[in-house]
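Report on the following structure.
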Amino acid sequence: MRKYEQKKLIQIALYVLQKTGGIDYYHLFKILYFAELKHLAKWGEKIISDTFYALDYGPVPTLLYDVVKGYNIPNTDLLELFSDNVLFAGKDAPNVLLPKCEADMNYISKSEIEALDASINENAHLTFGQLKEKSHDDAWYEAYHHLNGSNVISPISMAKVSGADEATLEYIREQIELEQALA
């Protein structure tokens, strides 16, 4: 993950925390997942460069998950960026994340704000159980049961569950092939 993508990931998380006034990381991960679904279906583009994995309680953005858990990601500044911008609420609410500063909106496009705001409005108030049930969609199921060979949730599957049309799905396929060719 390039330096810009690392900074953007943290700024996106900060934006959600700022808009919600602070939220537990389970809700943060699900808000990001549902925003990603919306953005992929409408624009054929991901919001964050992180990969979503299917875990028992639903999808999580892998690198952000690891950083929240305190793991240093080799060859990145993610843990430092996270620590500089986000803090845990404390002993009474150890899973709640709070923003230390405002998000730098230069990292977030209007279309991403639209998807993030919609996801915040739809999901921030849901219970753990409701979010778990909602996030156990077909894209999660496919990855969780390794139907595609791993527990990585495919952007194509994510776009499909959000109702993307065939042209958008083809565009996403082409972008994935291009990324793989350039890697």
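The values are calculated or read from the model by the stated rules, or taken from the named source; none is laboratory data. Bear in mind that the values here come from a model prediction, so they are computed numbers and not experimental data. Cβ atoms come from the backbone with ideal geometry, glycine included; neighbour counts cover every protein chain shown. Calculation scope for accessible area: heavy atoms of the full protein, side chains included, ligands and nucleic acids excluded. Shrake-Rupley method; radii C 1.70, N 1.55, O 1.52, S 1.80 Å.
Which of the helices (runs of 4 or more DSSP H) found entirely inside region 107-152 contain at least 3 residues meeting this: of a type in the set (S, T, N, Q)?
Once the helices (runs of 4 or more DSSP H) in region 107-152 are filtered for at least 3 residues that are of a type in the set (S, T, N, Q), what remains is 110-123.
Restricting attention to region 82-103, which residues are in contact with a Lys or Arg (Cβ under 8 Å, 6 or more places away or on another chain) and in contact (Cβ under 8 Å) with a residue 24 or more places away in the chain?
N85, V86
Taking region 153-167 on its own, how many of its residues are assigned to a helix (DSSP H, G or I) and of a type outside the set (D, E, K, R)?
Residues meeting the conditions: 7.
What are the residues in region 84-122 that are charged (D, E, K, R), open to solvent by 50 Å² or more (accessible area, probe 1.4 Å) and either in contact with a Phe, Trp or Tyr (Cβ under 6 Å, 6 or more places away or on another chain) or modelled with pLDDT of 95 or more (or both), if any?
Listed by number, the residues that qualify are D84, K100, E102, D104, K110, E114, E122.
Given the options L14, L79, name the one that is touching a residue at least 24 places away in the same chain (Cβ under 8 Å) and in a helix (DSSP H, G or I).
None of the others qualify; the one that does is L14.
What number of residues in region 27-55 are part of a loop (DSSP other than H, G, I, E, B) and touching a Lys or Arg at 6+ places or on another chain (Cβ under 9 Å)?
3
Output the residues belonging to region 9-38 that are under 12 Å from I108 (Cβ atoms) and either within 11 Å of the chain's Cα centre (by Cα) or among the charged types (D, E, K, R) (or both).
L9, I10, I12, A13, V16, K19, A35
With the checklist (1) in contact (Cβ under 8 Å) with a residue 40 or more places away in the chain; (2) outside any helix (DSSP H, G or I); (3) more than 26 Å from D138 (Cβ to Cβ) in hand, flag the one item P59 doesn't pass.
With respect to (1) in contact (Cβ under 8 Å) with a residue 40 or more places away in the chain; (2) outside any helix (DSSP H, G or I); (3) more than 26 Å from D138 (Cβ to Cβ), P59 is out only on (3).
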